[in-house]
């Protein structure tokens, strides 16, 4: 028995939705309609929407974290394969940056909002009172969990179809983004794709000139290492200049310290 078949057999049961399964509440039916997928095992759907805080008093009860782990990998595989198909002449670095645009937290949170997951996520009363159900990280994790749940319930092809249907026109969105992205945003995407554990910091190191003609110098650090300096007539302009230089360093592969 393959690993996929074994995982499916654990969760599917008889495969008959009407046998030994709880009645699906109306909010979950609406979610299935928005998702474009009907679960055979609705317990998987409910598990995907069970936040860790829901069973905080009983750590042995399952939550959606394992499904999130699984869904994250499947999401990455689907995006990688589709981008590989759409852009046959682009190199690994370019494809990684494109994938990170769709797999980043803010984009997944937008998908979670579209699916209205904040209305069905199961959380502790305390989390709900603090609007934790609307938090970007909560929605992001729930989307990945749903991907994992669809995979276990219906296989890779169904998970792939859901992901691509939810995201829509990949090429069109990338073309639209190309005309509007700024150097700081572009740098963030590159770093997320190539150095996911590193943090970008912009430090103002010099400010001079009269109020009507100030000059700013900003130093950009990546993971504590000085990468580039930028100058401008505003702090924002100096940061953009530093980000543009850092992008060139990253693309060329030369991360040299700036003096």
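The values are calculated or read from the model by the stated rules, or taken from the named source; none is laboratory data. Just so it is clear, the model here is predicted, and its values are computed rather than measured. Here the Cβ positions follow ideal geometry from the backbone for every residue, glycine too, while neighbour counts run over all protein chains shown.
Within the option set 220, 164, being assigned to a strand (DSSP E or B) and either modelled with pLDDT of 90 or more or out of contact with any helix residue (DSSP H, G or I) (no Cβ under 6 Å at 6 or more places or on another chain) (or both) holds for one residue only, 220. Scan the stretch 156-176 residue by residue and report those that are surrounded by 14 or more Cβ atoms within 10 Å (Cβ to Cβ) and either closer than 25 Å to residue 66 by Cα or not assigned by TED's automatic domain parsing to the domain that holds residue 80 (or both). The answer is 158, 159, 160, 161, 162, 163, 164, 166, 167. Would you please name the residue that is nearest to the chain's Cα centre (by Cα), looking only at residues in the stretch 92-119 that are farther than 14 Å from residue 79 by Cβ and crowded, with 20+ Cβ neighbours inside 10 Å? So the residue we want is 109. Screening the stretch 17-44 for residues that are under 28 Å from the mean Cα position of the chain (by Cα) and surrounded by fewer than 11 Cβ atoms within 10 Å (Cβ to Cβ) and picking the one that is modelled with the lowest pLDDT gives 26.
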